[in-house]
Every structure is written in structure tokens, then in C-alpha cells.
1. If you take the charge dipole of segment 3-66 about its Cα centre, with +1 on Lys and Arg Cβ and -1 on Asp and Glu Cβ, which of G44, G54, S17 is farthest toward its positive end?
2. Once you list every other residue whose beta carbon is under 12 Å from the beta carbon of F56, what net charge do they have if Lys and Arg are +1 and Asp and Glu are -1?
3. Once you order the gyration tensor axes a ≥ b ≥ c over the Cα atoms, which shape class does segment 3-66 get: rounded for a/c under 1.5, otherwise prolate or oblate by comparing a/b with b/c?
4. Count charges around F69 for me, please; just the other residues with Cβ under 15 Å from its Cβ, Lys/Arg as +1, Asp/Glu as -1.
5. Expected output is a single nm value to one decimal: the length gained when fully extending between S5 and I63, i.e. 0.36 nm times separation in residues minus the C-alpha distance. What is it?
Amino acid sequence: NVSLSAIANAFDRDMNSVQWVLHAYIICVCSLSTMFGKLGDRLGCGKLFKVGLGIFGGSSFWISRCHSFGGLVTARCGMEGVVSLSPSTSPPISLII
């Protein structure tokens, strides 16, 4: 990633610790996608989409104001965890066609 060196310089970290910004994405998406699929079936796609949009917006704002590396990784995990909502909130292909 191009931005990893900029993040490492801004927070005065080595590249091994900056890799957690990417690992937070992978861990959250993989662990939460099944749970959000079940919630989408129970609550409905519209409600879950609105909740996800709110969490994504809040996490994006938190990332823009973040001054610590731990806060950046946590907010990134929250923001990208919401990305795992997208398969459960999008309509099936059969409804689109």
C-alpha cells in the first residue's frame, strides 16, 4: 500500500506495526460477515444499512480526528467491519435482474 509509509511517518511507527491497519480490515470483515448476514435476515436490509451507514460515518469522522495509532487501528476496524454489511444489505442478484 502506498499510504503505509505516510502513516508510519505520521505516527512515528515501524512498518510492522503499521501493517495492523490492513490486518484490522481483514480480521473484521472475515469475522463479522456471517453475523451481519444473520442480522440482515432478522432485522431487514434497510434497517441494517442505516445502522451501517451511521457507524461508517462515525468511524470516518473518528479517523479524520485521530491523533494516536491505537485509535486509528480501532476506528479502521470499526469502519471496515461495517464493510462486511454490504453483502447482507444488498439485494440478491435475482431481484436486480
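1. About the Cα centre, the residue reaching furthest to the positive side is G44.
2. +1
3. Numbers: a/c = 5.28, a/b = 2.02, b/c = 2.62.
Oblate is the answer for segment 3-66, as a/c is 1.5 or above yet b/c matches or exceeds a/b.
4. +1
5. Numbers: separation 58, 0.36 × 58 = 20.88 nm, distance 1.71 nm.
Working it through step by step, the gained length comes to 19.2 nm.
Throughout, read-outs are computed from the coordinates displayed, never taken from laboratory work. Not measured: the values here are computed from a predicted model. FYI the Cβ positions are ideal-geometry reconstructions off the backbone, even for glycines, and counts take in every protein chain you see.
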